[in-house]
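The values are calculated or read from the model by the stated rules, or taken from the named source; none is laboratory data. Everything numeric here is computed off the predicted structure, so don't read it as measured data. All Cβ positions, glycine included, derive from the backbone under ideal geometry; neighbour counts span all protein chains shown. Side chains are part of the model used for accessible areas, which takes the heavy atoms of the whole protein and leaves out ligands, DNA and RNA. Shrake-Rupley method; radii C 1.70, N 1.55, O 1.52, S 1.80 Å.
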Amino acid sequence: MTSSTYLARFDDFCERWGERMNPIVVKETRQAIKSRAFPIAFLAMLSGCWLISVLGIVDYGEQLYFAEAGDEFFSWYLGALLAAICFVVPMGVFRSVVAEFEGHTFEMLAITALAPRNVVFGKLKSATLQMGAYFAAIAPFVCFTYLLEGVSIPGLLLALVIAFLAGLSACMGGMMLGALAKQSAWQIFCMLLLIVLGMICFGIGQSSGTAAAKYLGGWGSIGAACAGFGCFGYVFLFFSLLTLGVSIAQFTPTMPRPGNLSAPPGLSRARLPRPPASNDHRVDARSGGAVAADTPEHRDGESSAADRVVDPTSPTSVDPSNWHSNG
């Protein structure tokens, strides 16, 4: 088989799997890539890492050949990565959820076949893809720190996992706060809470990741790190269940039951519009507009002109006795 055949098969495979993907993932990923925030943050992180490398090499000079400077370089690289995944990506998720309620597109999602959990997990997967792009960009710099010595491969891997969980926690918090900020008055308050949450996730990821990359080496340290990571996992699991549960509940449309329909709060029962009169009652013109019951006389004269007069006292009414004489 030629290379074109393999490429055609790979293209068909990607197309089939693309059709099975959540449409929310595709929509959110396209919007994030086409926006200005993602390319600016991506280039800023790359420029920051490049600047850290140049300034660090210039600062160490010839001592870089003998000093174990990998841990210090990795600490700066990890800070640049956490700044992107703990502030930029969660803020994008927050604005995306708020835009669903501001642009009244939530009603369109509610009438589709997508369940609320599909909408929530679709936005979360899109945020995960954006985080993966930042991790892919930081990978060469992480390899550079290993060449400088002072860090271990298990420590680097554990530090990256901690950073990923910290960024994912910030994204889930941004989604929950965006779902709660349905009114414009709450958006600023929820945005401030998101910034505080991002700072907490940044601090946890920076301190834990740097310590794991620097001190994780032997089997004893690996066992202690696994025990600490297990405790952190319980907190992360509780936080993820809380945020996802609240987000799904906010995206679930609530419709009143037919038996519980009532008048609006400002409209009392006495002011409700009365039902129209039935066919058993007619307005009698000769009795001064009074409502008379259905009698045989009224049934016989149902098609007469007197039954069609609603109010003889109004200026627009006409006396039926003068109809023939005027004609």
- Message: So the check is Cβ under 6 Å with 6+ separation or different chains; which pairs have a first residue in the stretch 178-196 that's free of Cβ contacts under 8 Å to residues at least 24 places away in the same chain and a second one that's part of a helix (DSSP H, G or I)?
- Response: LEU193/LEU177
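Please go through the stretch 129-187 and give me each residue that is polar (S, T, N, Q) and either buried (at least 21 other Cβ atoms within 10 Å of the Cβ) or out of contact with any helix residue (DSSP H, G or I) (no Cβ under 7 Å at 6 or more places or on another chain) (or both), ordered by number.
Looking only at the stretch 129-187, we keep the residues that are polar (S, T, N, Q), and these are 130, 145, 152, 169, 183-184, 187.
Correct list: GLN130, THR145, SER152, SER169, GLN183, SER184.
Restricting attention to the stretch 51-64, does a residue exist that is out of contact with any Phe, Trp or Tyr (no Cβ under 6 Å at 6 or more places or on another chain), touching a residue at least 12 places away in the same chain (Cβ under 8 Å) and within 27 Å of SER169 (Cα to Cα)?
First pass over the stretch 51-64, keeping only residues out of contact with any Phe, Trp or Tyr (no Cβ under 6 Å at 6 or more places or on another chain): 51, 53-55, 57-64.
From what's left, touching a residue at least 12 places away in the same chain (Cβ under 8 Å): 53, 64.
Remaining after also requiring within 27 Å of SER169 (Cα to Cα): none.
Among the residues of the stretch 51-64, not one is out of contact with any Phe, Trp or Tyr (no Cβ under 6 Å at 6 or more places or on another chain), touching a residue at least 12 places away in the same chain (Cβ under 8 Å) and within 27 Å of SER169 (Cα to Cα), which makes the answer no.
How many residues are open to solvent by less than 80 Å² (accessible area, probe 1.4 Å) and part of a helix (DSSP H, G or I) if we restrict to the stretch 5-40? It would help to see each step written out before you state the result.
Taking the stretch 5-40 as the starting set, the residues that turn out to be open to solvent by less than 80 Å² (accessible area, probe 1.4 Å) are 5, 8, 12, 14, 18, 22-29, 32, 35, 37-39.
Cutting the leftovers down to part of a helix (DSSP H, G or I) gives us 5, 8, 12, 14, 18, 23-29, 32, 37-39.
Of the residues in the stretch 5-40, 16 are open to solvent by less than 80 Å² (accessible area, probe 1.4 Å) and part of a helix (DSSP H, G or I).
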- Query: So which of GLU72, GLU100 ends up being open to solvent by 30 Å² or more (accessible area, probe 1.4 Å) and among the acidic types (Asp, Glu)?
  - Reply: GLU72
- Task: Starting from the stretch 12-41, take each residue that is touching a residue at least 60 places away in the same chain (Cβ under 8 Å) and list its partners that are of a type in the set (Lys, Arg), counting only C-beta distances under 6 angstrom and pairs at least six apart or across chains.
- Result: VAL25/LYS125; GLU28/LYS123
- Return a yes/no flag: does the stretch 50-60 have any residue that is aliphatic (A, V, I, L, M), in contact with a helix residue (DSSP H, G or I) (Cβ under 8 Å, 6 or more places away or on another chain), open to solvent by less than 20 Å² (accessible area, probe 1.4 Å) and over 29 Å from ILE248 (Cα atoms). no
